[in-house]
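See below for the structure under consideration.
The values are calculated or read from the model by the stated rules, or taken from the named source; none is laboratory data. Bear in mind the structure is a predicted one, so any value in this text is a computation, not a measurement. Virtual Cβ from ideal backbone geometry, glycine too; neighbours counted across all protein chains shown.
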Amino acid sequence: MGVPKSVLWPTHVFSDGYFYGWTSPLICVAGIIQAETKQIAEANLHSVVASPEWGELSGRCGCHPVILGFCSFDLKHTLQPPRLEFYENKQDHDIEGNLILIYYRQPKHELMQFYSLDVSELDILPSQPNRGTTELSSTQGDTILMHDFTKPSFGRAPALNSLVLHQINAARMLSDMVERSNLYHEATQPPVLPMVTRGDLTSDFTTQFQTLRSATARAMHFIVSHLRNISATVEQFDIRFEQASFVHVQHSVIYSGGNSRSVTTISRYVKFYNCIWLVLNDIIIGIAFGSFICENHQALSHLLQHWVQLYLVDHMQRALLWLNDWPAGLKLNTELSQFYCHTLLGIISIWGQILRFVSPYFPAMFWTVGVMGCCGMTMIISLFFDALKFFTAHLYLCYLLVATTYRYLLGFIGSLWNLFRGKRFNVLRNRLDSWDYDIDQLLLGTILFTLTAFLYPTVLTYYSLFAMTHLVVIMLQAILDTVSALLNHFPLFALMLRIKDPMRMPGRVTLKRTKEGTLMLENQPAQFSSIFTHYAHLWSRLSSHYHPLQMLNLLVLGRRLTPISRALIRFSMITDRRDVSSK
């Protein structure tokens, strides 16, 4: 008895006839041809293989399909093994002998079903910049190992690899083309003229659109790149423009690619409709919430005016006056405390007058925000983000003043500490070296340290007030940024496909034994964690930036607290622009 052979057999084939498929790496059967002679079956298969429609798929299958042999069934419509006569060896093989029959369900290409060894083959996640580098490194490593003469070489048996899965994915399309060839006695092709004309018109329109877009992008790149760092609304408009460009380009690629249903095409299809669904749902939620804002813009404006005046102006002024009056028995430096109090009170009072001047326009502002809900809920969140920055601009200015003073005072105290230890910072070597100071330098350092010790509690007190206030504002901005990022990149369409048809979101393949005792190749759906992988990346970036220990370290050292850059929590939709252009 020879080495057992594995034969992949489709579950829907239960008729006698000439079976055809691929011979390497495994024997993969695509279907049968019911013909009178082998020559007729080979002629029908050859007409399909020579057609341009099959030419689009042949490159991914490794080799052309051939007539493998003749099959006959004793029982119809059951998973009982057939009798196979392979023309390769001119002898009969029985399933209990040298063959291991593995059944599989042919994926329906019109439903975009396919088999996959890994969920990463279906590139549906937005922005995976390191993927190409990883693949290149893996390829280089495999090449090095292949040429390693110290590694013993062992003969490898044919395995179920990506090439076999490509053949399985193309089997349904091949069998459909063979059936059409049998019905019409020739490979039927769709009309060429309408497709070419439509493709030419689409290509011309796409070229004109891309030229106009490139010229506009070059003219406004400098302005938009700077405004994006200032305004969240401009950033959201840029995201909408990117989504519109992505939808336009992918529409021309998806709907002008013929009947080819490769994994790349399916990935673009999922990304395309996921983007459309996200925008539509964002607009629906934005219109609903915007309608609520428009209907209640008067009440909301009165409420905002009261809160702004109470919490951002009155409470801050009372807190400064309370600190200037030696709170809880804490005796601050009188002159420095009065300087802080008068300066910061002046900034808050001026901004309070500006807020009172613009308060009559609050109803119009809320009505405008509600109308902008037609652009999506993310646009409303971006407007709220910019409004929060505007209303707290005086607190940010006060924070910058007290934080700068506190940071320089800490640096001055550190220099005095090195002076008393007999150390000096070496700028050239970036280290502390021993140094002998004169008595005059030590005396001057003692006097300055005494002055600093008396001034430090006052500086620390005012810094603590505005640092905590700025920290609250940063947390509010972090919440708005997080919600906006989740709404912009939620995998809604991919999640729906995972629930509705798991074969359209495969994770890997497994072999299971059926009740009849035969082996069945089945698809395992992708895990939900793999669909939300980019959310894990988003959470890691947010948690690393807003980590409590890191925030505490910045507060203690007096360094500036800033919200996370929106570029770090933005995932680009146009990740395959080079692929699109190459096509």
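Annotation note: Cβ proximity below 9 Å between a residue of the range 9-20 that is in contact (Cβ under 8 Å) with a residue 60 or more places away in the chain and a residue that is surrounded by 16 or more Cβ atoms within 10 Å (Cβ to Cβ) and among the acidic types (Asp, Glu) (sequence gap 6+ or interchain) occurs for Tyr20/Glu42. The residue list His297, His302 contains one member that is in contact with a helix residue (DSSP H, G or I) (Cβ under 9 Å, 6 or more places away or on another chain), buried (at least 16 other Cβ atoms within 10 Å of the Cβ) and of a type outside the set (Asp, Glu), which is His297. Taking first residues from the range 483-496 that are touching a residue at least 40 places away in the same chain (Cβ under 8 Å) and under 13 Å from Leu280 (Cβ atoms) and partners that are part of a helix (DSSP H, G or I) and acidic (Asp, Glu), the Cβ contacts under 6 Å between residues at least 6 apart in sequence or on separate chains come to Leu487/Asp282. Looking across the range 507-537, just one residue is within 20 Å of the chain's Cα centre (by Cα) and more than 27 Å from Val279 (Cβ to Cβ), and that is Gly507. Checking Tyr399 against (1) surrounded by fewer than 17 Cβ atoms within 10 Å (Cβ to Cβ); (2) closer than 28 Å to Ile479 by Cα, which single condition isn't satisfied? All conditions are met except number (1).
Considering Phe454, Phe490, the condition of being among the aromatic types (Phe, Trp, Tyr), part of a loop (DSSP other than H, G, I, E, B) and more than 30 Å from Asn161 (Cα to Cα) is satisfied by Phe490 alone. Filtered by the rule that a residue be of a type in the set (Val, Ile, Thr) and either surrounded by fewer than 17 Cβ atoms within 10 Å (Cβ to Cβ) or in a helix (DSSP H, G or I) (or both), the range 493-526 gives Ile499, Thr510, Thr514. Please name all residue pairs, on different chains or six or more residues apart, with Cβ atoms under 7 Å, provided the first residue is in the range 313-340 and is farther than 17 Å from Val402 by Cβ and the second residue is in a helix (DSSP H, G or I) and at pLDDT below 85. Filtered contacts from the range 313-340: no entries.
Do we have any residue at all in the range 461-482 that's modelled with pLDDT under 95, farther than 24 Å from Tyr311 by Cα and surrounded by 15 or more Cβ atoms within 10 Å (Cβ to Cβ)? Scanning the range 461-482, I find at least one residue that is modelled with pLDDT under 95, farther than 24 Å from Tyr311 by Cα and surrounded by 15 or more Cβ atoms within 10 Å (Cβ to Cβ), so the answer is yes.
Of the listed requirements (1) free of Cβ contacts under 8 Å to residues at least 12 places away in the same chain; (2) touching a Lys or Arg at 6+ places or on another chain (Cβ under 8 Å), Trp307 misses just one: (2). Every condition in (1) under 30 Å from Phe391 (Cβ atoms); (2) outside any helix (DSSP H, G or I) holds for Thr461 except the one numbered (2). Selection of the range 223-240 for residues being among the hydroxyl-bearing types (Ser, Thr, Tyr) and assigned to a helix (DSSP H, G or I) yields Ser225, Thr233.
Of the conditions (1) among the aliphatic types (A, V, I, L, M); (2) loosely packed, with under 15 Cβ neighbours inside 10 Å; (3) not in a helix (DSSP H, G or I), Ile354 clears all except one; give me its number. Unmet condition: (3).
Kindly establish whether Leu428 is modelled with pLDDT of 90 or more and either crowded, with 17+ Cβ neighbours inside 10 Å or more than 30 Å from Ile276 (Cβ to Cβ) (or both). Criteria not met by Leu428. Quick check on the range 326-339. Is at least one of its residues modelled with pLDDT under 95, among the aliphatic types (A, V, I, L, M), crowded, with 16+ Cβ neighbours inside 10 Å and in a helix (DSSP H, G or I)? So far as the range 326-339 goes, yes, one or more of its residues are modelled with pLDDT under 95, among the aliphatic types (A, V, I, L, M), crowded, with 16+ Cβ neighbours inside 10 Å and in a helix (DSSP H, G or I). Pairing each residue of the range 387-408 that is more than 19 Å from Ile230 (Cα to Cα) and of a type in the set (Gly, Ala, Ser) with any residue that is at pLDDT below 95 and surrounded by 20 or more Cβ atoms within 10 Å (Cβ to Cβ), provided the two are 6+ apart or on different chains, yields C-beta distances under 7 Å for Ala403/Gly558. Looking at Leu122, Leu117, just one residue is farther than 29 Å from Ala43 by Cβ, surrounded by 12 or more Cβ atoms within 10 Å (Cβ to Cβ) and modelled with pLDDT under 70, and that residue is Leu122.
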